[in-house]
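Before any comments, here is the structure.
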Amino acid sequence: MVTNAIMPGAASELMSTRATVEASGELGRKQSQFSRLLVGERAKAVSEDEATRIARDLVAVSLVQPLLKEWREAEQSAPPFGPGQAEKQFRAMQDSNLAQELTRAQRFPLVERLVRDLRRGAAGVEDRA
């Protein structure tokens, strides 16, 4: 009986840890991809669509998703109105999906600035080549 009481919490913690590791791996991949483009390790020009996709993904993973996580963790609703066990287990995935949707649906000035920087960095690579 003790094992059954421990398992839901352990499973929840494992899923949360796994989602955090996956998100941090995703963040690291997006940051390295973005930094490679900025320092000019890429010989070809970056298309507008590719630069927009990279910038949106970076903003979603490094800015919007942590804000959503912080907001959800600060929620103190009473039990009937608060998040259930299933929602708590899948919060990281919910935050990731919502962050992606928000950065695609809205015009973020930060995304637009990153796109300009990416395009400028790629143009500088072509000039040096």
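Screening GLN65 against (1) within 13 Å of the chain's Cα centre (by Cα); (2) among the polar types (S, T, N, Q); (3) modelled with pLDDT of 70 or more; (4) surrounded by fewer than 17 Cβ atoms within 10 Å (Cβ to Cβ) leaves a single unmet condition, (4). Could you list all residues from the stretch 69-119 that are aliphatic (A, V, I, L, M) and either touching a Lys or Arg at 6+ places or on another chain (Cβ under 7 Å) or assigned to a helix (DSSP H, G or I) (or both)? Across the stretch 69-119, the qualifying residues are ALA86, ALA92, MET93, LEU98, ALA99, LEU102, ALA105, LEU110, VAL111, LEU114, VAL115, LEU118.
The values are calculated or read from the model by the stated rules, or taken from the named source; none is laboratory data. Note that the structure is predicted; figures quoted are calculated from it, not measured. Methodologically, a virtual Cβ is constructed for each residue, glycine included, from the backbone with ideal geometry; neighbour enumeration extends over all protein chains shown.
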